[in-house]
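The values are calculated or read from the model by the stated rules, or taken from the named source; none is laboratory data. Note that this is a predicted model, so its numbers are computed, not measured. Positions of Cβ are backbone-derived with ideal geometry, glycine not excepted, and every protein chain shown enters the neighbour counts. For the accessible areas, the whole protein counts, side chains as well, though only heavy atoms, and no ligand, DNA or RNA atoms are used. Shrake-Rupley method; radii C 1.70, N 1.55, O 1.52, S 1.80 Å.
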Amino acid sequence: MSNLLMMGNPRADQLDNLEILKFSANNLLSIVNDVLDFNKIESGKVEFEKIRFNLIELMNNISGGQIIKAEEKGLKFYLDVDSRLKNKIILATLHA
């Protein structure tokens, strides 16, 4: 649903909220998949996979949800990323 709403040319503030919604939904899906994967782990059918991801993008997405919570409490929240981390690609090894 968030993808459909994003295709409808939302305002900039709506787009920010939709991106947070999409990120949160993807995280929830990941948690559900992790729970389902416990069966594979317990049965000894574990496979490893290397996945590239952008750490800065991940931190910005996580921060987006936290900024809203902080503002609701009258707090200021910001993400300050060390310039040495920009343009770095992280390889995570995941198992299923």
**Q.** Nearest 10 degrees, 0 to 90: helix 12-42 Cα axis against the chain principal axis
**A.** 20
**Q.** Solvent-accessible surface (1.4 angstrom probe) belonging to Val81, in square angstrom, nearest 10
**A.** 40
Q: Express in Å², to the nearest 10, the accessible area of Phe23 obtained by rolling a 1.4 Å probe over the protein heavy atoms while all chains stay in place.
A: 40
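Can you give the longest stretch of the chain with no exposed loop site, where a site means trypsin sites (Lys or Arg not before Pro) in a DSSP loop (not H, G, I, E or B) with at most 11 other C-beta atoms within 10 Å? Could the numbers behind the result be given before it?
On the way: sites that count: Arg11, Lys45, Lys73, Lys76, Lys86, Lys88.
Between exposed loop sites, the widest span is 12-44.
Which of Lys40/Lys86; Lys40/Lys88; Lys22/Lys86; Lys22/Lys73; Lys40/Lys73 have a Cα-Cα distance over 30 Å? Could you put the intermediate results ahead of the total?
Numbers: Lys40/Lys86 36 Å; Lys40/Lys88 32 Å; Lys22/Lys86 23 Å; Lys22/Lys73 23 Å; Lys40/Lys73 42 Å.
Pairs exceeding the cut-off: Lys40/Lys86; Lys40/Lys88; Lys40/Lys73.
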Q. In the set (1) 23, 20, 12; (2) 64, 9, 7; (3) 29, 19, 14, which value of semi-axes √(5λ) of the Cα gyration tensor in Å was calculated from the structure you see?
A. (3)
Q) Using 7 Å Cα-to-Cβ label points, what is the Asn60/Ala25 separation (nm, one decimal)? A) 2.1
Q) In region 2-96, which GluC sites (Glu not before Pro) are in a loop and have at most 12 other Cβ atoms within 10 Å, using DSSP for the loop call? A) Glu47
